[in-house]
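Here, each number is a calculation from the coordinates, and none is a lab measurement. All values derive from a computational prediction rather than experimental measurement. Glycine gets a Cβ as well: all are built from the backbone with ideal geometry, and neighbour counts include every protein chain shown.
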Amino acid sequence: MIKGLFKIIEEGFFRLIMFLSTCIIVFALFLIVYSILKKGIPSLSLEMLTQTPKGGFYFGKEGGILNAIIGSLYLSTGATFLALIISLPVALYMNVYLFSRKKIVNAVRFLLDLLWGIPSIVYGAFGFTIMILLGMKTSLLAGIIVITLLIIPIMVRAMDEGFKTVPLGLTESAASLGATKYEIAFKVFIRQCLPFVITALLLSFGRAIGDAASVLFTAGFTDRIPTSLTQQTATLPLSIFFQLSSPIPEVKNRAYAAAVVLTFIVLLISILSRILSGTYKKSSIKF
Amino acid sequence: MNETYKIKVEDLNLYIDKKHILKNINIQIPKNKITVILGPSGCGKTTLMKCLNRLTDLYPEITVSGRIYIDNEEILNNRNGITKLRKRMGLLSQRPYPLPMSIYKNISFGLKISQRRKKKFLDRRIEHYLKQASLWDEVRDRLKEPASCLSIGQQQRLCLARGLAVDPDIILADEPTSALDPMSSQAIEKKFMELKQSYTIVVVTHILRQAVRMADYVIFMYLGEVIEQGPAKELFNYPKEEKTKAYLKGVFY
């Protein structure tokens, strides 16, 4: 009898904890979005989105953050693309060619997780050191390369988690039809795991566009929109950072408007990837 | 070697790491007949079958020694032509593994690996193989739909059609009905009876009644060894070995 009562209390207690934790998360999310929107929306204007900073922008005069929007898009698109070219073969190699060499694959996974955990400022500092060594200046290209390095572990591991779910039977079936490993990798694995690949791209893009520390030293900051890879570029996170550290209230509020823009871009990418991976999920086989 | 034998295995030994899985296998599989490899679970039936099309090559921890002849040609120690070898055999696994693409592409996958083909040719061949697997009537209007939308019984027949499409002369089936309902199982069994006119069929099963229904030739395995082999009637009616008798009586269950 007492034991039964204890079970009921135990059950209720843990349910309460789970419920409260979920509430805290949802509440925190809403609080963040609310405070950004509340401060950001009033300063958000067409001018803000379509113009680069003019003379007195950082004193609250006219101009916008188009330089940072375009810069960030250039940077993260370029980095996501570069990282894809490197990550996809790595993830496929781990799962198609090395799948039975568990020790090697697990060692690679461990190293990637380690890289994932390195703070982005370290990547920035590392990139900066290399740039000095090579005599390079801060530029869009340097920023892209450092961000690429930053997101490769994320992308590889995200794809890897997907490729891991491919059952051996599918590999064997394809092999018994006469497919080579290359054909198994590119025709079967990628098709089966396309939703995972898309999710990996999104995750990396989100990380790329939101990171400030790694581009601080490498991409620089400028009020102009870059027209070549060797020019400096502005980014949204740094734009937020610089405006937020201003003592002028108008400039501060503009930082929140920039944050709204950044959040909106990430939201858009999320929705897009949801739709895409939903479409491709239909042709994946459920095992 | 007797000419009616399609596959001949000599002194086959297989180790996974250091574990001895298949012990000194010597078997002969007759041409254009259904050969059933019978035995309790875990006796190495599936592993033996995977040796035949060298799927064992996918796993570096497996070492195989011995000789396998197909049409008098040694295939186990032949380092090249492995994809060609695999295309000579259609594989049907325990549960269907359709490829993550449309019904049409599932079958054209194997055809296209052989060589580039014209669309008209593909269309005709795909219809032919789907009819052979008795699936055509159910899917003729939705060839472009993903294979994942088929029921599991349909998927297994799709896998059969896909296996036939690479134009093999041998069909390997690893407990092909174990995931299917009785109706679909019957459809597959019936299909095999028809197909044996033109194919050599090897079926792995632990279901005695299925073996009795289908087999022309039986290989009985126990714990990695071939205990007895022979024509179905002989083996089922007059088993020589004690273990075979026990299995036929159902003692192992």
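With one equal scatterer per alpha carbon and no solvent term, the Debye-computed log10 I(q)/I(0) for the stretch A:228-287 at 0.18, 0.19 1/Å reads -0.74, -0.77.
For the stretch A:1-99, the fraction of alpha-carbon pairs lying more than 20 Å apart is 72 percent, rounded to a whole number.
Residue by residue along A:176-189, Cβ atoms of other protein chains within 10 Å of the local Cβ number 6 on average.
Computed from the alpha carbon atoms alone, the convex hull of the protein assembly as shown holds 241 Å³ per residue.
Arranged by the count of other C-beta atoms within 10 angstrom, fewest first, what order do A:PHE189, A:PHE221, A:PHE13 take?
Fewest-to-most Cβ neighbours within 10 Å comes out as A:PHE13, A:PHE221, A:PHE189.
Compared with the dominant Cα axis of chain B, that is its longest principal axis, helix B:119-132 is turned about 50°. For the stretch B:3-132, the relative contact order comes to 22 percent (Cα pairs under 8 Å, sequence separation of at least 6). Ordering of A:113-123, A:165-175 by packing is A:165-175, A:113-123, highest average first (other Cβ atoms within 10 Å, averaged per residue). Can you give the local net charge around B:SER184? Use residues other than it whose beta-carbon is closer than 13 angstrom to its beta-carbon, Lys and Arg +1, Asp and Glu -1. Residues close to B:SER184 contribute a combined charge of +1. Cβ crowding within 10 Å ranks A:LEU37, A:LEU49 as A:LEU49, A:LEU37, fewest other Cβ atoms first. Across the stretch B:99-167, C-alpha contacts under 8 Å between residues 6 or more apart give a mean separation that, scaled by the residue count, equals a relative contact order of 52 percent.
Shielding by partners for peptide B:49-56, expressed as the average number of C-beta atoms from other protein chains within 10 Å of each residue's C-beta, is 2.
Ellipticity at 222 nm from helices only: DSSP H runs of n ≥ 4 in chain B, each -39500 (n - 2.57), divided by the residue count, give -10500 deg cm²/dmol. Diffusion coefficient (Stokes-Einstein, Kirkwood radius over C-alpha pairs, 10 °C, 1.306 mPa s) for the stretch A:2-43: 125 µm²/s, rounded to a whole number. Each Lys and Arg adds +1 at its Cβ and each Asp and Glu adds -1 at its Cβ; summed about the Cα centre, the protein assembly as shown shows a dipole of about 700 debye. Computed packing ranks the peptides A:244-250, B:240-246 as B:240-246, A:244-250, most packed first, by mean other Cβ atoms within 10 Å.
Per residue of B:99-106, other chain Cβ atoms within 10 Å of the residue Cβ number 5 on average.
Which of rounded, prolate, oblate describes chain A, given a ≥ b ≥ c as roots of the alpha-carbon gyration tensor eigenvalues and a/c under 1.5 marking rounded, otherwise prolate only if a/b is larger than b/c? Oblate. Length available on full extension from B:SER65 to B:ASP123: 0.36 nm per residue minus the Cα-Cα distance, which gives 16.7 nm.
For the peptides B:48-56, A:140-148, the ranking by packing is A:140-148, B:48-56, with the highest mean count of neighbouring Cβ atoms within 10 Å listed first. Note on chain A: with charges restricted to the Cβ of Lys and Arg (+1) and Asp and Glu (-1), its dipole about the Cα centre is near 560 debye. Taking the inverse of the mean reciprocal distance over all distinct Cα pairs, the Kirkwood hydrodynamic radius of the stretch B:1-143 comes to 17.6 Å.
Computed from Cα atoms alone, the Kirkwood hydrodynamic radius reported for the stretch B:99-167 is 11.6 Å. DSSP assigns beta bridges within the protein assembly as shown; of those with both partners inside it, close to 60 percent run antiparallel.
Taking each residue as 0.36 nm, the span from A:ILE17 to A:SER270 lengthens on full extension beyond its C-alpha to C-alpha distance by 88.2 nm.
Which angle between 0 and 90 degrees, to the nearest 10, do you get for helix B:103-114 versus the longest principal axis of chain B when only C-alpha atoms count? Value to nearest ten degrees: 70.
Helices that extend 18 Å or more along their long axis by alpha-carbon positions and average at least -1.0 on the Kyte-Doolittle scale are, among the DSSP H runs of chain A, A:2-40, A:66-92, A:102-117, A:120-134, A:140-163, A:194-210, A:249-281. By other beta-carbon atoms within 10 Å, ranking B:SER108, B:SER41 with the fewest at the front produces B:SER41, B:SER108.
Could you check the simple spin-label distance between A:LEU5 and B:GLU145, using points 7 Å along Cα→Cβ, in nm with one decimal? Distance between the two pseudo-spin positions: 5.8 nm. B:GLU234 versus A:PHE110, label points 7 Å from Cα toward the beta carbon: distance in nm? Computed distance between label sites B:GLU234 and A:PHE110 equals 5.7 nm.
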